[in-house]
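So the structure is just underneath, and the comments pick up after that.
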Amino acid sequence: MANELVMTKEGYEELVNELNILKTTRRADIAEKIKIARGFGDLSENSEYDEAKNEQAIVEARIVVLEKQLKNVKLVDKADLNTGAVSIGTTVTIRDKEFGDEMTYRFINSVESSMDMDTITDESPVGKALLGHKVGDSVQVAVPSGEVVEYEIIEVKA
């Protein structure tokens, strides 16, 4: 695939769920808002109508993006994961070499990123640095603050 998007099954299901909600519930809600706003009269000076149409444009744009992403998904099968190196779908435990703190993260694609503190994406500074490295490797990461942090990979598992 030209723009193959490697994702976990969980991330894929979240995107499919979001797409379904946008196509059904959100579209219907916005259509109702537009209908109500039209009832307020002159559309040229109707802020409620303008707001609803802008919301509609944002939702429709997101639907297009999601459909495009979902067409190019390659699901990661946990049974096929190579736990010899950090990759999408693995769980990685790292140790901060300066302070000795250990952290464990699920390694995911940035498209499926969540606000969970237990995930790290392939496009984050730490994620980019860890990708492809093996247990025992030390990895130096330039974090956004400008300092360089060194991590040791302790464990990689499916």
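The values are calculated or read from the model by the stated rules, or taken from the named source; none is laboratory data. Bear in mind the structure is a predicted one, so any value in this text is a computation, not a measurement. Neighbour counts are summed over all protein chains in view; Cβ atoms, including those assigned to glycine, are modelled from backbone coordinates with ideal geometry. Each accessible area value is taken on the protein alone, full model and side chains, heavy atoms only, with ligands, DNA and RNA left out. Shrake-Rupley method; radii C 1.70, N 1.55, O 1.52, S 1.80 Å.
Assorted remarks:
- Residue that is farthest from the chain's Cα centre (by Cα) [pool: residues in region 100-125 that are open to solvent by 30 Å² or more (accessible area, probe 1.4 Å), under 24 Å from Asn72 (Cα atoms) and not hydroxyl-bearing (Ser, Thr, Tyr)]: Arg106
- Those residues of region 126-148 which are over 22 Å from the mean Cα position of the chain (by Cα) and closer than 27 Å to Leu81 by Cβ, in sequence order: Lys134, Val135, Gly136, Asp137, Ser138, Val139, Gln140
- Of all residues making up region 13-46, the number that are open to solvent by less than 80 Å² (accessible area, probe 1.4 Å) and over 33 Å from the mean Cα position of the chain (by Cα): 5
- Among the residues of region 126-146, those that are surrounded by fewer than 18 Cβ atoms within 10 Å (Cβ to Cβ) and either modelled with pLDDT under 90 or assigned to a strand (DSSP E or B) (or both) comprise Ser138, Gln140, Val141, Ala142, Val143, Pro144, Ser145, Gly146.
- Region 82-99, subset open to solvent by 30 Å² or more (accessible area, probe 1.4 Å) and under 15 Å from Glu155 (Cα atoms), residue modelled with the lowest pLDDT: Asn82
- Some residue of region 102-117 being more than 24 Å from Leu5 (Cα to Cα) and at pLDDT 90 or above: yes
- Residue match in region 109-125 (condition: in contact (Cβ under 8 Å) with a residue 40 or more places away in the chain, among the small types (Gly, Ala, Ser) and either on the phi > 0 side of the Ramachandran plot or not in a loop (DSSP other than H, G, I, E, B) (or both)): no
- Region 1-95 holds helices (runs of 4 or more DSSP H) entirely within its bounds, and those carrying 1 or more residues that are in contact with a Phe, Trp or Tyr (Cβ under 9 Å, 6 or more places away or on another chain) map to 27-38, 47-71.
- Inclusion of Lys33 among residues that are at pLDDT 90 or above, at negative phi and touching an Asp or Glu at 6+ places or on another chain (Cβ under 8 Å) is warranted.
Residue by residue, here is whether (1) touching a residue at least 24 places away in the same chain (Cβ under 8 Å); (2) more than 30 Å from Val141 (Cβ to Cβ); (3) of a type in the set (Asp, Glu) holds:
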site	(1), (2), (3)
Arg27	yes, yes, no
Asp42	no, yes, yes
Ala85	yes, no, no
Lys97	yes, no, no
